[in-house]
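Asker: Below you will find the structure I want to go over with you.
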Amino acid sequence: MATDRAAFVFPGMGPTRFADVARFMVVHPSARDLVAVADDRLGYSLVDRFSEADGDYSTEAQIAFLVNCLAMAAWAESEFGVSPDYCTGPSFGGKAAAAYSGALSTSDAVWLTAEFARCLKEYFAVEHADAVTQSFARTPPDRLAEITAELDDAGAWYELSCRVDEDFAMLTLSESRVEWLGDRLRAAGGLPLYQMRPPMHCAAFTGLAMKADDEVLSRLDFADPAVAVVADQDGTVLTTGAQVRAMLLDGFTRPVQWPAVVGALTGVGVSTVYVCGQDALFGRVGVTTESFTVVSADPTRAMQPKRRRAAV
């Protein structure tokens with residue numbers, strides 16, 4: 001089996017402020033070209049709308065995050081002379097992976113991102129309006145099992161939405177249970193972190209998946225990827241357009257299993273991952289840093305003068 005392979009990782013989306021990426025989107029050649037593609041598909045200026053948008057996860061913030069991830073992949077190819085053997089994208093990053101791989105055009109990925117955002121807003125305005133996803137660290141599986149057993153005993157609904165690392169996960173549950181969960185996590189030595197709304201990656205959201213399939217995915221054509229995609233749900237290596245489409249649809253109802261992705265990448269000989277985009281999570285957790293050489297490719301680094309850029 002070949003070794004010393006490389007993979008591009010497109011991170012899940014965190015809070016994205018216009019001020020942090022505005023200059024990159026306007027000045028950097030890689031970003032500027034992709035912003036033009038987005039403007040053409042959207043029929044408006046992405047940068048202008050993003051500058052006026054409210055919230056860290058607005059539709060425009062999501063599209064900008066996608067565009068910037070793809071721009072960073074182009075920069076990483078040029079800067080490091082790398083052609084990745086695989087690509088992957090946990091959670092939101094799956095959209096960028098689909099586009100980078102060639103399964104979707106950049107223009108279609110922009111439209112998909114905008115339409116998925118619309119579907120989420122419409123669905124959660126009516127269904128599961130009280131659901132929230134709570135992330136937490138320092139909570140080993142046995143401790144988490146004790147906590148979820150209490151939820152089971154109480155007849156409370158919950159689902160695991162993401163396994164980030166051995167002791168780092170995300171649960172989706174009713175907002176009325178969040179304070180209780182935080183107390184139980186702290187009592188078990190865990191560390192509650194941030195909450196996400198709208199929630200994602202739950203089997204209960206089948207209606208959302210059906211809506212996205214009917215209103216968005218059914219209107220797109222998926223090509224076989226030129227770069228193999230590793231599915232964020234289970235680490236399966238995807239080589240057909242139909243498989244990439246299914247991965248995006250499964251993202252609504254199946255949890256992210258990042259350790260499985262890491263295991264799949266190491267299993268095919270990947271030793272270096274390039275994290276393309278703003279990332280405060282997947283490229284930094286122990287399961288990633290202990291398994292790979294991790295190279296950050298984010299807008300801040302791309303905008304640094306070459307003479308000041310640190311060697312890898």
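The values are calculated or read from the model by the stated rules, or taken from the named source; none is laboratory data. Owing to the predicted nature of the structure, the values given are computational and were not obtained by experimental measurement. Virtual Cβ from ideal backbone geometry, glycine too; neighbours counted across all protein chains shown. Heavy atoms of the whole protein, side chains included, go into the accessibility calculation; ligands, DNA and RNA do not. Shrake-Rupley method; radii C 1.70, N 1.55, O 1.52, S 1.80 Å.
Asker: Tell me the per residue accessible area of the chain using a 1.4 Å probe; a whole number in Å² is fine.
Answerer: Dividing the accessible area of the chain by its residue count gives 43 Å².
Asker: Moving on to the next point. With axes computed from alpha carbons, what is the tilt in degrees of helix 258-267 against the longest principal axis of the chain, rounded to the nearest 10 within 0 to 90?
Answerer: 50
Asker: I've got another one for you. Could you look at the chain and say what percent of its accessible area is carbon and sulfur, using a 1.4 Å probe and all protein chains?
Answerer: Working: 6420 of 13370 Å².
Here it works out to 48 percent.
Asker: Largest first, what is the accessible-area ranking of D20, D232 with a 1.4 Å probe? Don't jump to the answer; show the numbers that get you there.
Answerer: Working: D20 75, D232 10 Å².
Greatest to least solvent exposure: D20, D232.
Asker: Compare the peptides 171-178, 217-224, 106-113 by average per-residue count of other Cβ atoms within 10 angstrom and give them in order, highest first.
Answerer: Values: 171-178: 18.6, 217-224: 14.1, 106-113: 20.9.
Packing order, densest peptide first, comes out as 106-113, 171-178, 217-224.
Asker: Taking the Cα atoms only, what angle lies between the long axis of helix 178-187 and the longest principal axis of the chain, rounded to 10 degrees?
Answerer: 80
Asker: If you keep only loop residues by DSSP, which chymotrypsin sites (Phe, Trp or Tyr not before Pro) in the range 15-98 have at most 13 other Cβ atoms within 10 Å of their Cβ?
Answerer: Values: sites: F18, F24, Y44, F50, Y57, F65, W75, F80, Y86, F92; in loops: Y44, Y57, F92.
Loop-located and lightly packed - Y44.
Asker: State, as an integer percentage, the relative contact order of the range 220-312 based on alpha-carbon contacts under 8 Å between residues 6 or more apart.
Answerer: Details: 111 pairs, mean separation 19.8, N = 93.
RCO, the range 220-312: 21 percent.
Asker: Could I ask something else about it? Using Cα centres only, tell me the gap between the range 63-113 and the range 247-295 in whole Å.
Answerer: 14
Asker: Note down the relative contact order for the chain as a percent, whole number, built from C-alpha pairs under 8 angstrom at least six residues apart.
Answerer: Working: 584 pairs, mean separation 80.0, N = 312.
Answer for the chain is 26 percent.
Asker: Considering only DSSP beta bridges whose two residues both sit in the chain, what percent are antiparallel, to the nearest 5? Intermediate results must be reported in sequence, preceding the final value.
Answerer: Details: 18 of 36 bridges.
Counting DSSP beta bridges with both partners in the chain, the antiparallel share is about 50 percent.
Asker: So how tilted is helix 241-250 from the main axis of the chain? Cα-based, degrees 0 to 90, rounded to 10.
Answerer: Computed tilt is about 40 degrees.
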